[in-house]
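Reviewing the structure listed below.
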Amino acid sequence: MKHLISIEDLNKSEIIKILDKSEEFEYVALGKKSLDILRGKILANLFFEPSTRTRISFECAMKRLGGDVINVSTQEASSMAKGETLADTIRVVSNYCDAIAIRHPLEGAARFAAENATVPVINAGDGAGQHPTQTLLDLYTIRKELGKIDGTKIALVGDLKYSRTIHSLIKALTLFKTKIYLVSPEALELPKEFLEELSGNIEKTKLEDIIEEVDVIYVTRIQKERFPDEEEYRKVAKSYRITAEIARRMKEEAIILHPLPRVDEISVEVDSMKQARYFKQAFYGVPVRMAILTEVML
Amino acid sequence: MKHLISIEDLNKSEIIKILDKSEEFEYVALGKKSLDILRGKILANLFFEPSTRTRISFECAMKRLGGDVINVSTQEASSMAKGETLADTIRVVSNYCDAIAIRHPLEGAARFAAENATVPVINAGDGAGQHPTQTLLDLYTIRKELGKIDGTKIALVGDLKYSRTIHSLIKALTLFKTKIYLVSPEALELPKEFLEELSGNIEKTKLEDIIEEVDVIYVTRIQKERFPDEEEYRKVAKSYRITAEIARRMKEEAIILHPLPRVDEISVEVDSMKQARYFKQAFYGVPVRMAILTEVML
Amino acid sequence: MKHLISIEDLNKSEIIKILDKSEEFEYVALGKKSLDILRGKILANLFFEPSTRTRISFECAMKRLGGDVINVSTQEASSMAKGETLADTIRVVSNYCDAIAIRHPLEGAARFAAENATVPVINAGDGAGQHPTQTLLDLYTIRKELGKIDGTKIALVGDLKYSRTIHSLIKALTLFKTKIYLVSPEALELPKEFLEELSGNIEKTKLEDIIEEVDVIYVTRIQKERFPDEEEYRKVAKSYRITAEIARRMKEEAIILHPLPRVDEISVEVDSMKQARYFKQAFYGVPVRMAILTEVML
């Protein structure tokens with residue numbers, strides 16, 4: 001049985017295989033072509049914490065492939081969790097579907113679920129742990145929009161300390177020949193232990209110094225709660241904000257990504273610029289999840 | 001791209017075209033015939049406030065035509081709204097569906113959504129604004145049950161001041177050759193400015209004076225909150241209640257409508273009388289929404 | 001129109017007919033075979049109280065047969081209940097589906113719903129009343145796992161006083177030639193009036209005395225709230241707990257059932273023993289509900 005729990009479970013060629021497969025599904029994801037290859041299959045969306053974007057992206061992927069979805073809302077999942085162990089819940093839900101997409105506030109929950117399931121489990125984000133389908137769609141977006149991943153220069157901007165998305169992505173990027181720039185306020189730097197584990201071309205720097213050079217700016221949200229006072233937060237947030245002025249200094253073909261939701265890390269005037277690809281990135285979640293779903297279910 | 005935001009965006013012949021189309025779908029709506037013309041299409045029900053009847057009426061319409069639905073519940077929608085702008089939410093959701101039915105507490109939200117969407121948007125009610133699919137099903141019910149709209153005499157009874165349903169319906173009715181009677185307590189009269197805008201055969205009157213003459217009694221709920229004290233509310237509500245005694249004075253072929261939910265504006269003993277058509281009216285929401293969905297999606 | 005409100009509405013041959021039909025659907029329930037016999041049909045899951053296992057079991061059954069489901073969540077159902085009578089809600093929902101599965105906190109609600117519906121109603125549990133689909137799946141599990149119901153010896157263990165599941169099951173079992181052992185703490189004995197109504201081979205006893213002899217141990221949860229203090233609860237709960245040690249004394253081919261969720265009435269070490277069939281029992285909910293759904297809808 002195949003599960004998808006962590007991006008680290010995949011080697012480079014497995015990742016590339018999924019990206020290639022995603023490419024084939026793009027037309028279906030756009031609703032321009034109909035496919036029925038998951039007809040009769042059921043995905044259970046078992047979300048112990050809300051993540052509507054991820055949930056409906058999975059649901060769209062299943063349904064556009066002719067499959068169906070059983071949603072277990074956060075309220076329902078929490079109420080099940082009160083009455084029984086996660087192991088029991090997983091064993092019961094396994095009876096009613098062909099795969100489970102699980103979202104859980106605790107790191108490790110997805111792997112534990114996989115150990116107890118009798119159907120494939122896909123990690124849709126577990127605590128500070130992994131969110132492998134997000135990482136795969138990030139990689140897909142880069143490859144699709146730039147034509148390649150190898151050889152690209154990528155700036156990771158914002159909260160590099162707490163962002164699960166960044167941690168997963170950076171590990172995947174080091175499998176490719178990328179140059180990674182870390183751009184963050186001191187309080188939100190990539191944890192030292194994490195950095196030491198990585199073997200790649202990685203460099204701490206300032207946005208100012210690399211803005212004209214990078215191929216990708218990947219922006220994440222800086223959360224107010226991380227700062228002792230609002231004044232400090234405001235100052236920091238402002239200095240890491242991608243404005244139209246900054247975007248205009250980027251290379252013609254460079255792109256700006258963001259896992260969404262965006263608060264004001266990217267100014268709305270950037271939305272209409274050609275560098276802005278974050279809504280397209282959200283769309284790419286569909287073909288990538290189609291590839292993953294067919295991979296584990298067929 | 002076609003949206004349906006306000007009944008006022010449609011002229012008489014466009015309305016009639018939708019009613020004609022609805023007629024063709026009635027058999028499918030009853031589940032007596034199967035159609036697959038929306039196979040592969042996804043409607044996103046994006047409901048920022050609960051309206052279960054409207055939501056499941058849309059869902060039934062999609063599914064009976066072979067399409068599918070992604071529901072975003074009020075809890076989910078509100079939590080998205082806290083994290084990002086409505087514009088961003090709409091752009092993201094656009095990626096996962098072929099049309100959006102939006103319900104929102106704020107007037108104008110549906111039009112704003114349409115401006116930001118990359119798929120058609122259907123207004124499923126926005127604040128004190130519009131609820132065009134309700135109006136179309138009201139018109140359809142009148143035409144279907146009476147055989148015509150032109151030439152009918154219609155009494156609008158109850159809360160004419162705050163009812164969005166009434167405001168939309170009255171505007172649509174003035175496109176037809178109808179005689180409209182306004183029957184309401186003084187505190188809940190149709191706003192003067194609104195009345196002045198209308199050019200039709202409209203008259204304020206008492207139920208007593210027209211009960212034997214009208215073809216349609218359209219009843220809306222009088223809400224307790226509109227009155228300074230409970231005693232006053234009780235008195236008013238009682239005098240606008242449709243009882244069996246009143247219904248018996250109506251013409252043989254006349255009909256009683258209500259957008260539902262009904263509290264006690266219509267006595268339950270009326271339910272079994274031939275004039276009662278409010279549950280049938282609820283059913284007509286399905287073929288009418290089928291017509292609208294195929295109109296914007298195909 | 002056929003409803004399924006109470007197990008007592010069915011005679012023995014009707015029950016056997018449903019069990020036989022369930023047998024035919026097992027392959028489809030496993031997702032190993034595709035069937036489209038409910039294509040175009042819609043089940044409304046109208047749940048006035050949460051019961052996620054039951055809800056998704058129905059949803060899986062519909063979808064694996066090619067049908068579709070409209071879910072009305074507890075929040076939505078409660079909010080409808082505040083605005084209108086249950087009779088009105090049922091009449092409205094009837095318009096949007098081909099059958100209603102209703103779950104309600106009040107005994108008798110399902111029968112009342114059936115009286116007001118214009119589509120078949122299936123009782124998915126109403127208060128202290130009935131839960132006939134659970135009983136049918138319990139009977140199916142016994143027949144399937146033991147090869148027969150007649151001639152079996154069945155111990156009902158735990159809360160026999162308040163458990164709706166037990167009350168329904170015991171009535172159904174008396175239609176078959178079974179020997180029933182009642183095993184419960186004094187405070188949770190089967191109500192005397194209830195026992196007097198039954199005409200079957202029924203005997204109060206201790207687990208100790210029949211453990212080596214029974215074919216089925218059906219365990220239910222002993223709830224903390226039923227006891228004056230935690231100490232008393234702990235003592236009682238412990239003495240009715242099925243441990244591996246107890247399970248090892250059972251006959252080779254004997255089975256342990258539980259309606260789930262399980263808290264600690266059955267020790268987790270039992271899960272891997274061959275007697276443990278409670279997760280399989282949960283699965284059998286799918287073919288049994290398929291049989292019921294096709295019975296009422298086709």
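Readers should treat all values here as calculations from the given coordinates under stated rules, not as data from a laboratory. These numbers come from a predicted model, not from an experiment. All Cβ positions, glycine included, derive from the backbone under ideal geometry; neighbour counts span all protein chains shown.
Within 14 Å, Cβ to Cβ, of residue A:49, how many net charges do the neighbouring residues add up to if Lys/Arg are +1 and Asp/Glu are -1? That works out to 0. Charged side chains reduced to their Cβ positions (Lys and Arg at +1, Asp and Glu at -1) give segment A:132-282 a dipole of some 480 debye around its Cα centre. Peptide C:33-42 shows a mean partner chain C-beta count of 3 within 10 Å per residue C-beta.
Here the simple spin-label model places points 7 Å from the Cα toward Cβ, and for residue A:14 and residue A:198 these points are separated by 2.2 nm.
Remark on residue C:47: its backbone amide H falls under 5 Å from those of C:72, C:103, a criterion applied only to residues 5 or more positions apart or on other chains, H modelled at 1.01 Å from N. Counting charges near residue C:282 (Lys, Arg +1; Asp, Glu -1) among other residues having Cβ under 9 Å from its Cβ returns a value of +3. Mind running the shape call on the protein assembly as shown? Use the C-alpha gyration tensor, a ≥ b ≥ c as the square roots of the eigenvalues: rounded below 1.5 for a/c, prolate if a/b tops b/c, oblate otherwise. Note, shape of the protein assembly as shown comes out oblate. Close amide H contacts of residue A:41 (hydrogens built in the peptide plane, cut-off under 5 Å, sequence separation of 5 or more or a different chain): A:68.
With springs only between Cα atoms under 10 Å apart, run a GNM on chain C and tell me which of C:193, C:76, C:49 wobbles the most. Sorting by GNM fluctuation, first place goes to C:193.
Computed from backbone phi, the HN-Hα couplings of segment A:87-95 come to 4, 5, 4, 5, 5, 5, 5, 3, 5 Hz, rounded to whole numbers (Karplus: 6.51 cos²θ - 1.76 cosθ + 1.60, θ = phi - 60°; Gly and Pro given as x).
Taking the square roots of five times each eigenvalue of the Cα gyration tensor of segment B:167-298, the equivalent ellipsoid has semi-axes of 25, 20, 17 Å, listed largest first. Between this copy and the others, label points of residue B:226 are 5.2, 5.2 nm apart in ascending order, each placed 7 angstrom from Cα in the Cβ direction. Shortest first, residue C:192 label-point distances to identical copies amount to 7.6, 7.6 nm, with the label point at 7 Å from Cα along Cα→Cβ. Using a Gaussian network model of chain B whose springs link C-alpha atoms within less than 10 Å, name the residue from B:105, B:185, B:261 with the highest mean-square fluctuation. Among B:105, B:185, B:261, the largest GNM mean-square fluctuation belongs to B:261.
Cα centroid separation, segment C:144-160 to segment A:138-216: 61 Å.
When the Gaussian network model of chain B links Cα atoms closer than 10 Å, the mean-square fluctuations of B:117, B:247, B:81 top out at B:81. Listed values for segment B:25-35 are Karplus-derived 3J(HN,Hα) couplings in whole Hz (6.51 cos²θ - 1.76 cosθ + 1.60, θ = phi - 60°), namely 8, 4, 4, 5, 4, 6, x, 8, 9, 9, 9, and x replaces Gly and Pro. Neighbour counts of C-beta atoms inside 10 Å place A:195, B:19, B:137 in the sequence A:195, B:19, B:137, starting with the fewest. Which whole-angstrom value gives the distance between the alpha carbon centres of segment C:1-55 and segment B:1-73? Using only Cα atoms to place each centre, the spacing works out to 29 Å.
Candidates A:281, A:254, A:166 compared by Cα position along the dipole of segment A:159-298: farthest toward the positive end lies A:281, with charges placed on Cβ. Computed from backbone phi with θ = phi - 60° and the Karplus coefficients 6.51, -1.76 and 1.60, the 3J(HN,Hα) list for segment A:205-217 is 7, 10, 3, 3, 7, 10, 4, 7, 10, 6, 8, 9, 10 Hz; x is used for glycine and proline.
Partner shielding of A:266-274 amounts to 1, given as the average count of beta-carbon atoms from other chains within 10 Å of each residue beta-carbon. The length gained by stretching the chain between residue C:209 and residue C:245 to full extension, at 0.36 nm per residue less their Cα-Cα distance, is 11.5 nm. Compute the Cα gyration tensor for chain B, then decide on rounded, prolate or oblate, letting a ≥ b ≥ c be the square roots of its eigenvalues: rounded whenever a/c is under 1.5, prolate when a/b is larger than b/c in the other cases, and oblate in all that remain. Taking the square roots of the gyration eigenvalues as a ≥ b ≥ c, chain B is prolate.
The label-point distance for residue B:230 and residue A:21, in a model that sets each label 7 Å from Cα toward Cβ, rounds to 6.3 nm. Between A:291, A:52, B:266, the Cα set farthest toward the positive side of the dipole of the protein assembly as shown (charges on each charged residue's Cβ, about the Cα centre) is that of A:291. In nanometres and ascending order, the distances from the residue C:36 label point to those of the other copies are 0.5, 0.5 (point 7 Å from Cα along Cα→Cβ). In a simple Cβ point-charge model (Lys, Arg +1; Asp, Glu -1; nothing else charged), the protein assembly as shown has a dipole of about 1860 debye relative to its Cα centre.
Compared with the alpha-carbon gap, the fully stretched path from residue C:186 to residue C:32 is longer by 50.8 nm at 0.36 nm per residue. For residue A:242, the residues whose amide H sits under 5 Å from its own are A:266, A:267, ignoring neighbours fewer than 5 places away on the same chain, with H placed 1.01 Å from N.
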